Amino acid sequence: MSAGGSFGGNRGLRPVPPEKGVFPLDHMHLCDLEKKEYLNCLKTSGHQSEKCRHLSKKYLQCRMEKNLMAKQDMAELGFGNLSQPSLSGDKLEQVYTVHP
């Protein structure tokens, strides 16, 4: 027999709550635009989240403004030294250059 519970679950281990706790879902779609921008960025960047951090920050700011999560300093969320990406000159070419 296997050591896990039904459907592969581990019996005896307590579930760990999320670090930031529970926050309301966006049932009214107040931050849908920001969410869609972020998800589109992930798709176009090959799911390299670092390239989309500015949109992740924008989404979290929207959630805070609409009271969908507790207001918190962005530095505490890992956005302390994040500046808007500039896609000009060489950086633009690096993003869209296809390497064989």
The range 41-100: number of residues that are basic (Lys, Arg), modelled with pLDDT under 80 and within 30 Å of Met28 (Cβ to Cβ): 0
Failed item in (1) surrounded by 11 or more Cβ atoms within 10 Å (Cβ to Cβ); (2) at pLDDT 90 or above, with Gly5 passing the rest: (2)
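The values are calculated or read from the model by the stated rules, or taken from the named source; none is laboratory data. Nothing here was measured: the structure is a model prediction, and the numbers come from that model. No Cβ is skipped: glycine too gets one built from the backbone with ideal geometry, and neighbour counts run over all protein chains shown.
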